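Scroll down for the structure; my scribbles are underneath it.
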Amino acid sequence: MTDFTSSIQQIPYDADRVYASLSDLNNLSKVQSNIPEGAISELTFTSDTCSFNVPNIGTIALRIVEREPAKTVKLVTEKSPVPFTCWIQL
(Lines give C-alpha, C1' and ligand atoms only; values in the text may rest on other atoms or scores of the structure.)
Protein backbone atom coordinates (compact mmCIF):
# COMPACT_ATOMS: atom_id res chain seq x y z
CA MET A 1 0.00 0.00 0.00
CA THR A 2 1.21 3.51 -0.81
CA ASP A 3 0.78 6.48 1.50
CA PHE A 4 0.48 10.03 0.21
CA THR A 5 0.80 12.76 2.81
CA SER A 6 0.25 16.43 2.10
CA SER A 7 2.21 19.17 3.76
CA ILE A 8 0.73 20.91 6.77
CA GLN A 9 -1.20 24.03 5.81
CA GLN A 10 -2.50 26.95 7.87
CA ILE A 11 -6.18 27.84 7.52
CA PRO A 12 -7.12 31.33 8.73
CA TYR A 13 -10.30 30.12 10.43
CA ASP A 14 -11.25 28.63 13.76
CA ALA A 15 -10.97 24.79 13.87
CA ASP A 16 -14.63 24.48 14.89
CA ARG A 17 -15.74 26.41 11.82
CA VAL A 18 -13.52 24.39 9.46
CA TYR A 19 -14.68 21.12 11.04
CA ALA A 20 -18.35 22.13 10.67
CA SER A 21 -17.79 22.70 6.96
CA LEU A 22 -15.72 19.58 6.24
CA SER A 23 -17.74 17.15 8.34
CA ASP A 24 -20.96 17.69 6.34
CA LEU A 25 -20.62 16.71 2.68
CA ASN A 26 -23.76 18.71 1.87
CA ASN A 27 -21.37 21.67 1.93
CA LEU A 28 -20.04 20.51 -1.45
CA SER A 29 -22.93 22.46 -2.91
CA LYS A 30 -21.01 25.65 -2.02
CA VAL A 31 -18.05 24.72 -4.27
CA GLN A 32 -19.83 22.70 -6.94
CA SER A 33 -19.84 25.64 -9.36
CA ASN A 34 -16.02 25.89 -9.09
CA ILE A 35 -15.45 22.41 -10.54
CA PRO A 36 -14.25 22.71 -14.16
CA GLU A 37 -16.86 21.64 -16.70
CA GLY A 38 -16.32 18.04 -17.79
CA ALA A 39 -14.01 17.21 -14.86
CA ILE A 40 -16.72 15.23 -13.08
CA SER A 41 -20.38 14.45 -13.60
CA GLU A 42 -23.25 12.98 -11.63
CA LEU A 43 -22.16 14.63 -8.38
CA THR A 44 -24.47 13.68 -5.54
CA PHE A 45 -24.02 14.14 -1.82
CA THR A 46 -25.62 13.80 1.59
CA SER A 47 -24.21 14.78 4.96
CA ASP A 48 -22.27 11.47 5.09
CA THR A 49 -21.64 10.48 1.46
CA CYS A 50 -20.71 11.80 -1.94
CA SER A 51 -20.36 10.17 -5.32
CA PHE A 52 -19.30 11.38 -8.73
CA ASN A 53 -18.23 10.07 -12.10
CA VAL A 54 -14.77 10.89 -13.45
CA PRO A 55 -14.25 10.52 -17.23
CA ASN A 56 -12.09 7.50 -18.12
CA ILE A 57 -12.02 6.39 -14.47
CA GLY A 58 -15.61 5.71 -13.46
CA THR A 59 -17.71 6.28 -10.39
CA ILE A 60 -16.13 7.13 -7.07
CA ALA A 61 -18.23 7.03 -3.89
CA LEU A 62 -16.98 8.20 -0.50
CA ARG A 63 -18.44 7.92 3.00
CA ILE A 64 -17.43 9.68 6.19
CA VAL A 65 -16.63 6.92 8.66
CA GLU A 66 -15.16 8.91 11.52
CA ARG A 67 -15.68 12.37 12.94
CA GLU A 68 -13.92 13.88 15.91
CA PRO A 69 -15.19 17.42 16.47
CA ALA A 70 -12.67 20.13 15.60
CA LYS A 71 -9.99 17.46 15.01
CA THR A 72 -10.60 14.78 12.37
CA VAL A 73 -12.76 13.77 9.43
CA LYS A 74 -12.01 10.38 7.87
CA LEU A 75 -13.47 9.24 4.54
CA VAL A 76 -13.22 5.87 2.83
CA THR A 77 -14.25 4.72 -0.60
CA GLU A 78 -17.37 2.67 -1.04
CA LYS A 79 -16.83 2.45 -4.77
CA SER A 80 -13.63 3.27 -6.60
CA PRO A 81 -11.30 1.69 -9.15
CA VAL A 82 -8.59 2.15 -6.50
CA PRO A 83 -9.63 1.92 -2.83
CA PHE A 84 -8.36 4.75 -0.64
CA THR A 85 -8.83 6.52 2.66
CA CYS A 86 -8.74 10.29 3.11
CA TRP A 87 -7.95 11.50 6.62
CA ILE A 88 -8.31 15.23 7.31
CA GLN A 89 -6.69 16.41 10.52
CA LEU A 90 -7.30 19.90 11.90
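The values are calculated or read from the model by the stated rules, or taken from the named source; none is laboratory data. Only a predicted model underlies this, so the values are computations on that prediction, with no experimental measurement involved. Using ideal geometry, Cβ is built from the backbone for each residue, glycine included, and neighbour counts are taken over all protein chains shown. The accessibility values were calculated without ligands, DNA or RNA, using every heavy atom of the protein model including side chains. Shrake-Rupley method; radii C 1.70, N 1.55, O 1.52, S 1.80 Å.
For the stretch 52-90, the set of residues classified as among the polar types (S, T, N, Q), open to solvent by 30 Å² or more (accessible area, probe 1.4 Å) and over 17 Å from PHE4 (Cβ atoms) consists of ASN53, ASN56, THR59, listed by residue number. Filtered by the rule that a residue be modelled with pLDDT of 95 or more and part of a loop (DSSP other than H, G, I, E, B), the stretch 14-30 gives SER23, ASP24. The set of residues from the stretch 1-51 being farther than 24 Å from LYS71 by Cβ and surrounded by 13 or more Cβ atoms within 10 Å (Cβ to Cβ) comprises ILE35, ILE40, LEU43, SER51. Considering (1) outside any loop (DSSP other than H, G, I, E, B); (2) over 15 Å from the mean Cα position of the chain (by Cα); (3) among the charged types (D, E, K, R), say which one ASP3 fails and leave the rest. Exception for ASP3: condition (1).
Matching residues to (1) over 18 Å from SER29 (Cα atoms); (2) among the β-branched types (Val, Ile, Thr); (3) in contact (Cβ under 8 Å) with a residue 12 or more places away in the chain:
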{"site": "ASN53", "(1), (2), (3)": "no, no, yes"}
{"site": "ASN56", "(1), (2), (3)": "yes, no, no"}
{"site": "ALA61", "(1), (2), (3)": "no, no, yes"}
{"site": "ARG67", "(1), (2), (3)": "yes, no, yes"}
{"site": "THR72", "(1), (2), (3)": "yes, yes, yes"}
{"site": "THR77", "(1), (2), (3)": "yes, yes, yes"}
{"site": "THR85", "(1), (2), (3)": "yes, yes, no"}
{"site": "LEU90", "(1), (2), (3)": "yes, no, yes"}
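For first residues located in the stretch 21-47 and more than 17 Å from THR59 (Cα to Cα) and in contact (Cβ under 8 Å) with a residue 12 or more places away in the chain, partners that are open to solvent by less than 70 Å² (accessible area, probe 1.4 Å) and assigned to a helix (DSSP H, G or I) and lie 6+ apart or on another chain with Cβ distances below 7 Å form the pairs SER47/LEU25; SER47/ASN26.
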